[in-house]
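Here is the structure we will look at, set down as structure tokens.
Every number in this text was worked out from the coordinates using simple rules, so none of it is lab data. Treat the numbers as computed from the prediction; the structure is a model and nothing was measured. For neighbour counting, all protein chains shown are included, and Cβ atoms are generated from backbone atoms with ideal geometry for every residue, glycine included.
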Amino acid sequence: MRRQLPIFIVFVTGLIMVLQFFSPHPISEFIFTYANDFVIVIGILALPIGIFSLLRNTVAKLQSDPKERIFSLATIAGFLIMVLTGLKRESMDSGTLFMNVFQHALVPAQATLFSMLAFYIASAAYRAFRVRTVLAGILLVTAFVVMLRLIPLPEPLASWNSAIVRWILAVPNMAAKRAIIIGVALGAISYSMKILLGIERSYMGRD
């Protein structure tokens, strides 16, 4: 019963959400809005669980791994500082400790992470654009033509390049994008059907 009841609830709830999508009745709209409110509530309730998991894993690293001790202490200290200073109503005002930590610690850290991500993407593109096959050559030429759009070219090269880039983005790129979206949608539908029919039970933990 402990296994069948969650599967039954998921099946009934999923079936109701599928049927309400095809019904224009006000009751159907109410069910959709009410279900979305439940999703928000569940997300809010999941936040304390995520915080508890973060602190538990950080404390475990602090106690077991000396190499990670300084990073664990920094994580716990940053968490406590942001929580304690953010409890005040005026914490969002400029000049407060909360905003100073946010602007002078979190924002530079995010900029650093995104900068490292840009270098990683550049290195990955360099490895991907090695001309070893015909398809890799086509990819390299296409990327070169698209990047030329960012360079101030003389006329009539600028107009020709702009027209070619518009065609690339509107025809082959859009076709590939739609194929990917259709594939993702079919995968989501099949995965949802497996959940509704009780084939996929990973959300229940160990089965």
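Odds and ends about this structure:
- With R₀ set to 45 Å, the beta-carbon distance separating VAL83 from VAL146 gives a calculated FRET efficiency near 0.50.
- By the combined test of axial Cα extent (at least 27 Å) and Kyte-Doolittle hydropathy (mean at least 0.5), the qualifying DSSP H helices of the chain come to 26-64, 107-128, 172-196.
- Separation of alpha-carbon centers, region 147-186 and region 33-50, rounded to whole Å: 40 Å
- Global geometry of region 119-161, whether rounded, prolate or oblate, following the gyration tensor of its Cα atoms and the 1.5 cut on a/c: oblate
- Label-zone membership for region 169-187, site LEU135, 7 angstrom Cα→C-beta point, backbone N under 19 Å: 172-184
- Overall form of region 57-102 per C-alpha gyration tensor (a/c, 1.5; a/b vs b/c): prolate
- Region 98-207: C-alpha gyration tensor shape, a/c 1.5 cut-off, then a/b vs b/c: oblate
- Annotation for LEU197 and ALA60: the two label points, set 7 Å from Cα along the Cα-Cβ direction, are 3.6 nm apart.
- Point-charge dipole on Cβ atoms (K/R +1, D/E -1) for the chain, about Cα centre, debye to 20: 700 debye
- Once the chain from ILE44 to ILE168 is taken as fully extended at 0.36 nm per residue, the excess over their C-alpha distance is 40.3 nm.
- Estimated inter-spin distance, SER190 and ILE9, nm [label 7 Å along Cα→Cβ]: 2.9 nm
- Förster radius 35 Å - calculated FRET efficiency between LEU97 and ILE182 (Cβ-Cβ, nearest 0.05): 0.10
- Estimated D of region 1-72 in µm² per second, where Rh is the Kirkwood radius over Cα pairs and Stokes-Einstein applies at 4 °C, 1.567 mPa s: 82 µm²/s
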